[in-house]
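First the structure, in the form of structure tokens, and then the observations on it.
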Amino acid sequence: MNCYRLIDKEWNVDFVIKVGGADKQRSACVVLGIFESRKLTDAAKNIDAATDGYVSNILRTGDMNGKLGTTLLLHNLPAIPSKRILLVGLGQEKEYNSKAFRTAMLSVMNALLRTAVSEAGLFLLDIPLKDRDLPWKISQTAMLASECAYRFDALKSKSESESSPLSKVTLYLSDRTHLKIAEIALMQGTAIAQGMKVAKDLGNLAPNICTPSYLAKRALDMSKFHKLKVSVLGQKEMEKLKMGALLAVAKGSHQPAKLIILEYRGGAKTEKPIVLVGKGITFDTGGISLKPAAEMDEMKYDMCGAASVLGTLTAVAEMALPLNVVGIIPTTENMPGGNATKPGDVVTSMSGQTIEILNTDAEGRLILCDALTYAERYNPEAVIDIATLTGACVIALGHVASGLMSNNDQLAGELLQAAELSIDQAWRLPLWDDYQDLLKSNFADMANIGGRSAGTISAACFLARFADKYRWAHLDIAGTAWKSGKEKGSTGRPVPLLTQFLISRATRKLAHSR
């Protein structure tokens with residue numbers, strides 16, 4: 001029996017998978033599903049029979065009807081060793097799908113975290129889902145548990161949340177047939193959850209703490225615990241590489257810019273790597289093109305692309321995927337100042353292409369373009385950049401889907417499939433040459449903005465000019481990387497999408513090698 005642990009400052013929990021029946025378990029709490037109209041699942045029927053109809057009698061009182069997401073905690077049922085039974089509503093059986101599963105599982109985890117139980121046994125995995133398989137249900141369970149437990153109290157003098165005594169969750173199967181693939185799925189789910197936590201924590205840190213130097217230190221710290229080689233380039237090294245676009249953004253800040261490179265080698269030395277490039281603007285004032293004051297504090301999240309690269313590489317290393325993956329993080333602040341880049345300035349990128357900076361608040365593409373050129377030296381299999389790049393993407397897709405653009409249909413298809421599997425949605429937008437005209441400049445090879453129309457696409461068109469030597473995709477996560485308002489905080493997206501993409505790649509590789 002393998003055990004996989006989710007680790008948080010306030011909550012450490014072990015996840016294990018076992019085979020067994022609900023009526024025989026001595027767990028402090030057994031979790032059972034109930035469909036709407038009080039229909040019992042097989043595990044619930046098992047408990048009902050062992051207790052001489054106790055569960056059925058409770059349901060007939062009307063305290064629970066199986067409505068999706070509702071819960072009812074029962075104590076000291078007769079004739080079974082478990083002290084508690086938690087019933088969770090699954091909704092209509094005909095409508096029980098992936099969304100219903102996630103809703104029910106979130107309700108279960110929230111209910112368990114509010115109780116005094118130290119361990120729980122879940123009998124929800126054998127219930128058929130129309131659109132998902134067992135590994136999906138298991139990996140999602142680990143990820144949803146982590147989501148429910150996540151708190152960010154690191155910067156408070158006193159923690160405002162009580163730690164849960166829950167330290168062990170057992171996921172039960174009815175037979176041993178799928179035990180091996182179930183354990184693999186649990187390992188993957190806990191690894192993704194750990195990666196999401198890394199991304200969330202970095203995103204939620206205050207910008208006076210999470211500086212480019214801090215990100216570099218975190219990357220170096222990762223190399224002590226995982227199979228990673230980390231290099232950090234400073235201003236002199238970037239000047240030598242002629243990274244004029246990246247350094248132009250950094251000119252107004254007192255914080256030194258960094259280029260962070262992480263190399264994970266799980267494949268053969270000759271195998272081409274997947275390169276992930278994450279935008280790392282640790283605070284974005286807009287520079288001379290200053291942003292409005294309202295909600296400017298949320299511009300600490302402008303490094304969530306970088307955070308997602310660090311989170312994804314954490315998950316990859318935890319799983320020991322048989323792939324080569326390189327992370328490249330260009331990171332700086334974008335600040336106004338006497339030395340700051342001005343609208344109208346022309347800079348020369350590492351590629352030799354010149355850029356007229358019409359708006360200093362379109363800085364993300366400037367640091368990314370030099371990083372994309374730097375990526376060429378790895379002779380990559382594919383390059384994916386991740387960036388909180390455009391407000392236009394939020395207008396187009398809201399906070400549900402990340403924007404996806406690519407110069408390769410197969411790569412785009414793989415990413416969309418990974419988005420669907422991971423429930424980390426993305427939507428593909430066009431990248432036609434017709435849009436390139438938006439970037440024309442009278443004074444340089446291109447302008448760094450293309451006007452109000454098609455802002456997300458013109459930003460990707462800009463990046464495409466630096467990614468024409470390899471298969472490339474761009475993820476605009478401006479609408480999905482964090483939440484505003486009462487639930488303000490980093491979401492950890494798109495770590496699930498990126499990690500699932502890499503898992504699928506590794507799975508196909510192993511299948512072809514057999």
Taking the stretch 166-181 only, how many residues are of a type in the set (A, V, I, L, M, F, W, C) and outside any strand (DSSP E or B)?
3
All conditions in (1) more than 22 Å from residue 312 (Cα to Cα); (2) touching a helix residue (DSSP H, G or I) at 6+ places or on another chain (Cβ under 6 Å) are true of residue 250 except (2)
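Conditions tested, residue by residue: (1) modelled with pLDDT of 95 or more; (2) over 30 Å from residue 420 (Cα atoms); (3) of a type in the set (Phe, Trp, Tyr).
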residue	(1), (2), (3)
29	yes, yes, no
38	no, yes, no
43	yes, no, no
80	no, yes, no
103	yes, no, no
115	no, yes, no
122	yes, no, no
128	no, no, no
135	yes, no, no
Restricting to the stretch 238-253, count the residues that are in contact (Cβ under 8 Å) with a residue 12 or more places away in the chain and open to solvent by 80 Å² or more (accessible area, probe 1.4 Å).
2
Give the stretch 238-250 a look and list any residue that's outside any helix (DSSP H, G or I) and aliphatic (A, V, I, L, M), or say none.
241, 243
Is it true that some residue in the stretch 455-469 is hydroxyl-bearing (Ser, Thr, Tyr) and under 30 Å from residue 354 (Cα atoms)?
yes
Please go through the stretch 18-27 and pick out each residue that is of a type outside the set (S, T, N, Q) and either at pLDDT 95 or above or in contact with a Ser or Thr (Cβ under 6 Å, 6 or more places away or on another chain) (or both).
18
Condition broken by residue 298, with the remaining ones in (1) out of contact with any Lys or Arg (no Cβ under 7 Å at 6 or more places or on another chain); (2) crowded, with 22+ Cβ neighbours inside 10 Å; (3) under 14 Å from residue 207 (Cβ atoms); (4) not small (Gly, Ala, Ser) satisfied
(2)
From 336, 330, 322, 292, residue being touching a Leu at 6+ places or on another chain (Cβ under 9 Å), in a loop (DSSP other than H, G, I, E, B), modelled with pLDDT of 95 or more and under 23 Å from residue 455 (Cβ atoms):
336
Residue 275: open to solvent by 20 Å² or more (accessible area, probe 1.4 Å) and farther than 21 Å from residue 336 by Cα, yes or no?
no
Can you find a residue that is among the hydrophobic types (A, V, I, L, M, F, W, C) and modelled with pLDDT under 95 anywhere in the stretch 221-243?
yes
Per the filter on the stretch 75-97, residues in contact (Cβ under 8 Å) with a residue 40 or more places away in the chain and surrounded by 17 or more Cβ atoms within 10 Å (Cβ to Cβ) are 80, 82, 84, 85, 86, 87, 88, 89, 90, 91, 96
Could you look through the stretch 223-237, keep only residues that are farther than 24 Å from residue 195 by Cα and assigned to a helix (DSSP H, G or I), and pick out the one that is most open to solvent (accessible area, probe 1.4 Å)?
236
Of the residues 59, 113, 72, which is in a helix (DSSP H, G or I) and open to solvent by 30 Å² or more (accessible area, probe 1.4 Å)?
113
Listed by first then second residue, the pairs whose first member lies in the stretch 261-287 and is more than 19 Å from residue 359 (Cα to Cα), whose partner is aromatic (Phe, Trp, Tyr) and assigned to a strand (DSSP E or B), with beta carbons under 9 Å and at least 6 positions apart or on separate chains, are 273/264
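The values are calculated or read from the model by the stated rules, or taken from the named source; none is laboratory data. Remember, it's a predicted structure, so these values are computed and weren't measured experimentally. All Cβ positions, even for glycine, are placed from backbone atoms using ideal geometry, and neighbour counts span all protein chains on display. Remember, those area values only see protein heavy atoms, side chains included, never the ligands or the DNA or RNA. Shrake-Rupley method; radii C 1.70, N 1.55, O 1.52, S 1.80 Å.
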